[in-house]
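Heads up: the structure comes next, in structure tokens.
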Amino acid sequence: MADVALPRAKPQMIEDSAWTRLKHNRNWLGFWFMVPAMAFLIFFLAYPLGLGIWLSFTDTRIGRVGQFVGTENYEWLWDDSIFWLSVFNTLLYTTVASAIKFAVGLYLALLLNENMPFKAMLRAMVLIPFIVPTVLSALAFWWIFDSQFSIISWSLKHLGLINQNINFLGDTTWARICVIFANIWRGVPFVAITLLAGLQTVSPSLYEAATLDGATRWQNFRFITYPLLTPIIAVVMTFSVLFTFTDFQLIWAMTRGGPVNATHLMATLSYQRAIIAGQLGEGAAISSAMIPFLLAAIMVSWFGLQRRKWQQGENND
């Protein structure tokens with residue numbers, strides 16, 4: 001039998017089919033809209049992350065290609081007291097700063113949500129610390145806490161409260177307090193404005209009904225405001241913890257990890273070992289050691305949100 005030639009689909013029909021699928025299949029259309037963002041994230045985030053993890057298993061140095069050494073860098077860090085001090089400093093810095101930023105930010109959000117004169121101007125002023133570049137803020141605080149020209153020491157001396165200048169950035173305890181204070185000053189606006197946006201979504205009728213039932217301001221906050229803000233609090237505090245844990249500019253511009261490594265965070269120590277000392281493998285190992293802490297913070301937030309959905313009887317999809 002002679003072969004029967006099958007009719008070929010016309011190119012126009014194929015193009016029409018693809019276009020029709022794009023018009024009627026929203027998931028397919030959404031996928032193609034996501035492709036540029038996916039490519040951007042893979043190129044600028046996933047690839048550097050993977051390369052950093054790979055370098056942590058090598059003895060790469062600046063100007064020299066390294067060899068695979070397995071977990072040697074991690075074994076070295078396990079016995080490195082400075083590394084463990086940086087872990088302690090990072091956890092202390094993140095915990096204290098994030099907790100205070102949340103408390104102050106929530107208070108400011110509640111305050112700015114009230115009817116008051118010049119409310120719009122006050123909201124704009126709250127954003128100033130967040131808008132100012134980090135390095136400029138760090139230099140300003142470095143001048144404020146300077147051992148010779150500190151405005152704080154000058155004021156206290158003229159009030160007769162102290163006899164000599166306080167060495168803020170030269171004392172280990174004071175240095176930690178100063179960098180934590182600087183981070184709080186910069187981070188409070190982000191928390192406050194984000195929580196304020198969440199407060200704007202709470203219906204005033206809920207407060208009116210609760211007030212008619214005899215609820216106090218504290219009961220309104222506990223049973224209405226806080227439960228409705230929980231998802232936003234989880235998201236904003238996750239970002240706050242991540243930003244604080246990975247902070248570099250503020251610490252490096254103010255103290256460079258001193259005095260005697262008292263303010264060295266894992267990020268600054270990684271930079272010092274990798275770039276200044278030239279030990280890229282060891283620096284990458286310190287950066288990779290930050291990943292479990294960051295994943296833990298994200299998972300705590302995620303499980304908290306899932307538990308909240310379960311309590312409210314919502315679908316987890």
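Structure notes:
- Distant-in-sequence amide contacts of residue 258, defined by a placed amide H-H separation under 5 Å and a gap of 5 or more residues or a different chain, comprise 263.
- Considering only 118, 130, 168, the Gaussian network model of the chain with Cα springs below 10 Å gives its largest mean-square fluctuation to 118.
- Here region 93-307 was treated as a single set of alpha-carbon atoms; its pair distances binned every 5 Å from 0 give 1, 7, 12, 14, 15, 15, 12, 10, 7, 5, 3, 1, 0, 0 percent.
- Accessible carbon and sulfur surface of region 78-179 relative to its total accessible area, %, 1.4 Å: 72
- Relative contact order computed over the chain (Cα-Cα under 8 Å; 6+ residues apart), in percent: 26
- Expressed as a whole percent, the proportion of Cα-Cα pairs in region 203-288 lying more than 23 Å apart is 51%.
- To the nearest 10, the accessible area of residue 82 is 60 Å² with a 1.4 Å probe.
- For residue 226, solvent-accessible area (1.4 Å; no DNA, RNA or ligand), Å²: 110
- At least 18 Å along the helix axis (C-alpha) and Kyte average at least -0.5, DSSP helices within the chain: 26-41, 81-112, 172-199, 226-245, 291-311
- Stretch in the chain that is longest and holds no GluC sites (Glu not before Pro) that DSSP places in a loop and that have at most 14 other beta carbons within 10 Å: 115-313
- Its alpha carbons considered, region 27-149 gives a radius of gyration followed by a Dmax of 23.0, 65 Å.
- Annotation: amide H of residue 58 within the under-5 Å range of 69, sequence separation 5 or more or interchain, hydrogens built in the peptide plane.
- Accessible area of residue 254 in the full protein assembly, 1.4 Å probe (Å², nearest 10): 10
- Residue of 134, 268, 225 that the Gaussian network model of the chain assigns the largest fluctuation, springs spanning Cα pairs under 10 Å: 225
- Paramagnetic reach from residue 211 (point 7 Å along Cα→Cβ, amide N under 16 Å) across region 105-142: 111, 113-116
- Gaussian network model of the chain, springs between alpha carbon atoms under 10 Å - residue of 232, 162, 151 with greatest fluctuation: 162
- Using a probe of 1.4 angstrom and keeping all protein chains present, the accessible surface of region 190-314 works out to 51 square angstrom per residue.
- Kirkwood analysis of the Cα pair distances in region 258-305 returns a hydrodynamic radius of 11.9 Å.
- Fully extending the segment from residue 177 to residue 88 would add 30.6 nm, taking 0.36 nm per residue of separation and subtracting the current Cα-Cα distance.
The values are calculated or read from the model by the stated rules, or taken from the named source; none is laboratory data. Quantities reported herein were computed from a predicted structural model and do not represent experimental measurements. Cβ atoms come from the backbone with ideal geometry, glycine included; neighbour counts cover every protein chain shown. Just the protein is used for accessible areas: all its heavy atoms, side chains included, with ligands, DNA and RNA removed. Shrake-Rupley method; radii C 1.70, N 1.55, O 1.52, S 1.80 Å.
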